[in-house]
Amino acid sequence: MHELGIVFYILDDVKKVALENNVEHVNSVTIEVGEVSTIIPEYLLDCWNWATNKNELTKNCKLKIETIKAFSYCETCKTEFETVKNGKTCPKCGGSHTYLVKGDEINIKEIEVI
């Protein structure tokens, strides 16, 4: 379960930003998660709820998850297409010389404080 490690990484960044800005409590954190990132949102939420309640700065802090659609690019016909819907095969030319452009990342989008 790599979700716990991801939660610790996010919380480290959140704590650093809170400290730099003299924040006493974080209400919520919004993250963007790529749909092919291998992160399971339910596991991430469970880990988040457990970890945030161990620290006063993040106690009862909500995690909001937004999904980033995955897109791939076909080198043969120069087309960008939805990865989940089409896999590694270009829907326009049927080519297999494709690569992922976006959709496997995780980003902290917003930190909400009082």
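Expressed as a whole percentage, what fraction of the accessible surface of the chain belongs to carbon and sulfur atoms when a 1.4 Å probe is rolled over the protein heavy atoms? Roughly 51 percent, rounded to a whole number. Pairs to check: K59/K85; K54/K102; K78/K109; K64/K88; K54/K109; K69/K109. Give those whose C-alpha atoms are more than 27 Å from each other in this structure. Violating the 27 Å limit, Cα to Cα: K59/K85; K54/K102; K78/K109; K64/K88.
Bridge orientation summary for the chain: considering DSSP beta bridges with both residues in this region, about 65 percent are antiparallel. Only helical runs count toward this figure. For the chain, summing -39,500 (n - 2.57) over DSSP H runs of n ≥ 4 and dividing by all residues gives -9000 deg cm²/dmol at 222 nm. Here is the short version for the chain: C47, C61 have no other Cys C-beta closer than 4.7 Å.
The modelled label-to-label distance between D46 and K62, using points 7 Å beyond Cα along the C-beta direction, is 2.2 nm. With both labels modelled 7 Å from their Cα along Cα-to-Cβ, the K88 to N22 distance reads 5.4 nm.
Relative contact order for the chain: 34 percent, from Cα pairs under 8 Å spaced at least 6 residues apart, divided by residue count.
The residues of the chain expose, per residue, 63 Å² of accessible area to a 1.4 Å probe.
In the stretch 15-105 the Cα-Cα distances spread across 10 Å bins starting at 0 as 16, 32, 22, 16, 12, 2 percent of all pairs.
The values are calculated or read from the model by the stated rules, or taken from the named source; none is laboratory data. Keep in mind the model is a prediction, meaning the values are calculated, not measured. FYI the Cβ positions are ideal-geometry reconstructions off the backbone, even for glycines, and counts take in every protein chain you see. Calculation scope for accessible area: heavy atoms of the full protein, side chains included, ligands and nucleic acids excluded. Shrake-Rupley method; radii C 1.70, N 1.55, O 1.52, S 1.80 Å.
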